[in-house]
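One structure is given here, and the rest of the page talks about it.
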Number of protein chains: 2
Amino acid sequence: MWILRINMSDLSTKLEAVPEDYKLLYGRALTSKMILDEVPPLCHALGPKNKLVFSAGIVTSSSAPTSARLSVGSKSPLTGGIKESNVGSAWGPDLASMLVRALVVEGMPEKNDVYWGAYIKWDAEKAEPVVEFFDATEYTGQDVYDIYPKMFEKFGDKVSIASMGTAGEFGYGNAGIVFNDMARRPSRYAGRGGLGSVLASKRLKFIILNDKGAPGITMVDKALFDEGRKKMIDAIRSHPISKPKGGLNSYGTAVLVNILNEAGGLPTRNFSSGRYEGAAKTSGEAIFETNKERMGKEIYNHACSPGCIIQCSNTLYNEDKSELTSCIEYESTWALGANLGIDNLDDIGLMVQLCNAYGLDTIETGGSLGVAMDGGLLPFGDSKGAIKLIEEMGKGTGTGRSLGGGVEVTGKIYGVRRVPAVKGQGMPAYEPRAVKGIGITYATTTMGADHTAGYTICPEILGVSGKLDPLSPEGKAALSRAFQATTAFIDSCGHCLFIAFPILDIAAGFEGMVQECNGVLGTSWTADDVVAYGAQVLKWERQFNEAAGISKEMDRLPEFFSTDPLPPHNQVFDIPEAALDSVFGEM
Amino acid sequence: MWILRINMSDLSTKLEAVPEDYKLLYGRALTSKMILDEVPPLCHALGPKNKLVFSAGIVTSSSAPTSARLSVGSKSPLTGGIKESNVGSAWGPDLASMLVRALVVEGMPEKNDVYWGAYIKWDAEKAEPVVEFFDATEYTGQDVYDIYPKMFEKFGDKVSIASMGTAGEFGYGNAGIVFNDMARRPSRYAGRGGLGSVLASKRLKFIILNDKGAPGITMVDKALFDEGRKKMIDAIRSHPISKPKGGLNSYGTAVLVNILNEAGGLPTRNFSSGRYEGAAKTSGEAIFETNKERMGKEIYNHACSPGCIIQCSNTLYNEDKSELTSCIEYESTWALGANLGIDNLDDIGLMVQLCNAYGLDTIETGGSLGVAMDGGLLPFGDSKGAIKLIEEMGKGTGTGRSLGGGVEVTGKIYGVRRVPAVKGQGMPAYEPRAVKGIGITYATTTMGADHTAGYTICPEILGVSGKLDPLSPEGKAALSRAFQATTAFIDSCGHCLFIAFPILDIAAGFEGMVQECNGVLGTSWTADDVVAYGAQVLKWERQFNEAAGISKEMDRLPEFFSTDPLPPHNQVFDIPEAALDSVFGEM
């Protein structure tokens, strides 16, 4: 496999052998290590010294189920620290199948007048991937739903496309990188951390992959891989959350709305309550029922990417049976729903669609709007006003710009004290005062407030891998540490994080994941080894952040979580600082 | 002397004896120590746990010349670190003469519906200061030039007033605290660091002092003080920069425009050049000549505060002989002039007046506009557009809000790479690539980019206290360290920083300063002692910042200073990181 470098300073490309040091690094492990090795931690995130590293996971592009994940690494313009943003789409498998272990986008043109597209295809004669550039300037300033069809027309229906919307072109801290789903919708996002702006700063509007004729990845021990794969499939298919017509397949990730609301942990009206009276109307069940009524039948969810057998990606249909948007994740329906005091599902769907169209991260956008509502820009519950503001963000008006910098920046602009962000990144849909472990993850992860970095919701709320009291601080630092390390491995192996539900409850599933990786790599890792692998990734990320000036004093939640009790439990976030420090201190 | 506390949570006040530990602490030394002792470093700057501490200097309210300075300390909403913002006005002497060593504003009302005024007067019977509160809600949302006359009408012409403009009410990071000058103009600002927003967050619209009948400060050794005072007066009156009809008295601080432009160190068009073709039109000499032409006579500058014999505060008059604004400082004519490519003096004057009217820091405002111009919001040189944007800032429109967060936040919103800020604070009017020592001060001071924290311009540009090559990096870390420590003492003694010009060149002047302080306090400090005092202040500030998560990795200039050569010298900022670290490392 190779490292393929695209240098935007002179549109040159380079194919390098994967160095010995990186031999076992894939996905997040590789993106984080390369960012640590190659990007000056104090460089400007939108400057020529920052880089974007794309790497698929160990088993990505194999027949392992639900494993089409891609890591995108960079220095984040939102947090100023390291970032790994993870996405499921065909793009990751296509990159891996062309034997590109890492695609590195580096440099920056001196002049800003042209945006480029990079078309990467497999050259059968040379037996290597080749890059062609094209002038993509004419596709800027537009809705991504308008420009993706033009690219499919230009390069054929089988290609996979990465791009960014106007949010990235404006340099917003909340701009994601967009990838197409299996129905060619530009709707799958490496959303967090503003990486769409990094890509735009390189003046690279598109990265289009065509893996036709590419050889695909090889395996050292196919039989072992197959043994692991079978265990993984069995685990996924038998767990109530991940099985066909199970929680995720029926209601999508939005199945969590009612669960978190019940637990008093659904952040409502900019984190002023943990329970929302309109929650049920914005839930996965409501989406399912709305579709059933409008389409005249039960509609189960679809795969966002090839080979997924969980299939949690939903679509919300209009009354006329046309699509309103796909997909409404839990985070999105919360960020633009409960968080804003909005319970109109169609309005939420439209906001999600607008975020996709402009290339905005839904979590950061909803968070910013919540803070702006708290600051008096518009009242909570004003869904029409919120829609208008998202449109302004996409168009780059002054007011739109004032919201594009993300939750923390919005707090500064609107003079708000209740600003739910850590290390500059807005907080996702779990209230740390009601679910203590996830608060520890928010505070300590290298990524800024990020639920996926150590999803302690499993035992705290879902009863997966045991059952813990979400309101208790006891043992939660160790819990978060274990989840963070394991997650860093999962983000490197290429499986979707949702395999965590089955593999944490079904030991054979975890074993299967390790066997799949050993089969591909020829390693003989144990379960302990993969957790140690994840911990090493976290240490590299931490090393980058420290050099970027993000000290351990930043491993804290904003003050209001420890001073303002949250209804309905009237709890504050009461994890001692020593416990927060122990997450990395004892790793 | 007392510490007077105003608790805005319940409108209670408390008069405490000055603790033994604080016996020798005044001005910046006291505000910084009290912020370190009392404010949780990670609290929200606009939350109930932040405090504002007002303290005048050691000799303030005495007959020491040019010593009517006040320190305002707090955790800064702009930098997230400690802040001392320093201002000359009658307010500081009035506070000291009522024997209030420190006025502490703390707490915060639970409800946001009322703004209060605090009227502090000397109660002759009780022989102590007393505080009366009044409802000041009706004075919010207005131009400070409209509300100050109403306060003078209400409380009499002799009072001194502190307040903030709409910028503070909106919670902007660039909102200052405004004080009246001797002609009762609301034009003297503790401008930097967003402290106007902290005051507004406490819902305290006015702090009005009436020192009628107050005893004034006492001295341990009046004869020694008088001896020192005489030396100080002699030094000020004989130095070419500070003497009557000398540089400052004739041309104001704006005398620096031509000097820095000549040196290639006048930041132009958002720090893209060190020389501005329109500089002369925006200089102190131009202000002097314009006034001469319009008023038909030479007009020398006036004192901003009682007892000043330097008298550098200017007024720009309109053609009809009415006042356009007072005063146009060097920093302001630069920030809104060369920095924006604007050379129309009347437009600059109007912008200064608008900044004053809305309570905006001119440096941060000009810096934000420069970054926004770089980001394409409007062209460089568009003075009418800039005026309109400042009006929008004052009115809080979306676009105005997008600029209110200061230079760094504006950079994030407009996706700009050339963002001249350190620790979140915008850079003043000296180019670090052309004047290396001041770059070290910007990088390392506890305050964020701040020229006043260690004004190495003296030897590097002005030939004061020797003459050093501004372009050379040699010895500049030690230079900045010495200036920073000495400055921290000057900021504590109550003299205006401009005494530095005479006392650095005239040994008797420095001696005079030390004698004045020894006379007041009964100490027997040497010159070394006062520098050590200053160094101790810096260490306290540093301690606060570290606990606030501002690590030494933040003691750096933005990347572009080391990568983009600056015309006309085509130099980069080439101070090694080890030298930057040595400023505090070897203190």
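Bear in mind that the values in this text are calculations on the coordinates, not laboratory data. As the structure is a prediction and not an experimental result, all values here were calculated from the model. In this analysis, Cβ positions are derived from the backbone assuming ideal geometry, glycine residues included, and neighbour counts consider all displayed protein chains.
Things to note:
- As a rough guide to protection, the peptides A:73-79, B:264-270, B:277-283 ranked by mean Cβ packing within 10 Å, highest first, stand as A:73-79, B:264-270, B:277-283.
- Averaged over A:42-49, number of beta-carbon atoms from partner chains that fall within 10 Å: 6
- Derived scalar couplings between HN and Hα for the stretch B:300-316 equal 8, 7, 10, 7, 7, 8, x, x, 8, 9, 7, 6, 9, 7, 9, 9, 9 Hz in order, rounded to whole Hz, by the Karplus curve 6.51 cos²θ - 1.76 cosθ + 1.60 (θ = phi - 60°), x for Gly and Pro.
- Spatial separation of Cα centroids for the stretch A:496-558 and the stretch A:416-493, in angstrom: 14 Å
- A straight chain from A:Met182 to A:Ala508 at 0.36 nm per residue would run longer than the Cα-Cα distance by 114.4 nm.
- When only Cα pairs below 8 angstrom with a gap of at least 6 residues are kept, chain B shows a relative contact order of 17 percent.
- The stretch A:348-392 and the stretch A:143-218 have their alpha-carbon centroids 23 Å apart.
- Listed residue (B:Thr140, B:Pro129, A:Leu266) projecting farthest to the positive dipole end of the protein assembly as shown, Cβ model: B:Thr140
- Karplus-derived 3J(HN,Hα), 6.51/-1.76/1.60, for each residue of the stretch A:336-348, Hz, glycine and proline x: 9, x, 3, 4, 10, x, 10, 10, 8, 4, 5, 5, 4
- Chain B: calculated mean residue ellipticity at 222 nm from DSSP helix runs of at least 4, using -39500 (n - 2.57): -11500 deg cm²/dmol
- For the peptides B:62-70, B:401-409, the ranking by packing is B:401-409, B:62-70, with the highest mean count of neighbouring Cβ atoms within 10 Å listed first.
- Overall dimensions of the stretch A:2-210 by Cα: Rg and Dmax, Å: 15.4, 44
- Centroid-to-centroid, using Cα positions, the stretch A:271-340 and the stretch B:41-95 are 53 Å apart.
- Charge dipole (the stretch B:2-210, unit charges on Cβ, about Cα centre) - positive-most of B:Gly27, B:Phe155, B:Val53: B:Gly27
- Entry note, the stretch A:2-210: relative contact order of 22 percent, from Cα contacts under 8 Å with a spacing of 6+ residues.
- Low-density loop cleavage sites - GluC sites (Glu not before Pro) in the stretch A:31-128, where at most 14 other Cβ are within 10 Å (DSSP): A:Glu110, A:Glu125
- The charge dipole of the stretch B:2-210, taken about its Cα centre with unit charges on the Cβ atoms of Lys, Arg (+1), Asp and Glu (-1) only, comes to about 520 debye.
- When you restrict to C-alpha pairs under 8 Å that are six or more residues apart and normalise by the size of the stretch A:91-160, the relative contact order lands at 25 percent.
- Of A:Lys33/A:Lys476; A:Lys49/B:Lys412; B:Lys75/B:Lys150; B:Lys230/B:Lys476; A:Lys33/B:Lys436, those spanning more than 23 Å from alpha-carbon to alpha-carbon: A:Lys33/A:Lys476; B:Lys75/B:Lys150; B:Lys230/B:Lys476; A:Lys33/B:Lys436
- Share of Cα-Cα pairs in chain B lying beyond 37 Å, as whole percent: 24 percent
- Within the stretch A:459-514, trypsin sites (Lys or Arg not before Pro) in DSSP loop having at most 13 other beta-carbon neighbours inside 10 Å: A:Lys467
- Size of electric dipole in the stretch A:459-587: Cβ of Lys, Arg +1 and of Asp, Glu -1, about Cα centre, debye, nearest 20: 180 debye
- Order of A:Cys355, A:Cys304 under a 10 Å beta carbon neighbour criterion, fewest first: A:Cys304, A:Cys355
- Sorted from closest to farthest, the other copies place their B:Pro565 label points 6.6 nm away, with each point set 7 Å from Cα along Cα→Cβ.
- Annotation: amide H-H contacts under 5 Å for A:Lys212 (H modelled 1.01 Å from N, sequence separation of 5 or more, or interchain): A:Trp122.
- Averaged over the residues of B:399-407, the number of partner chain Cβ atoms lying within 10 Å of the residue Cβ comes to 6.
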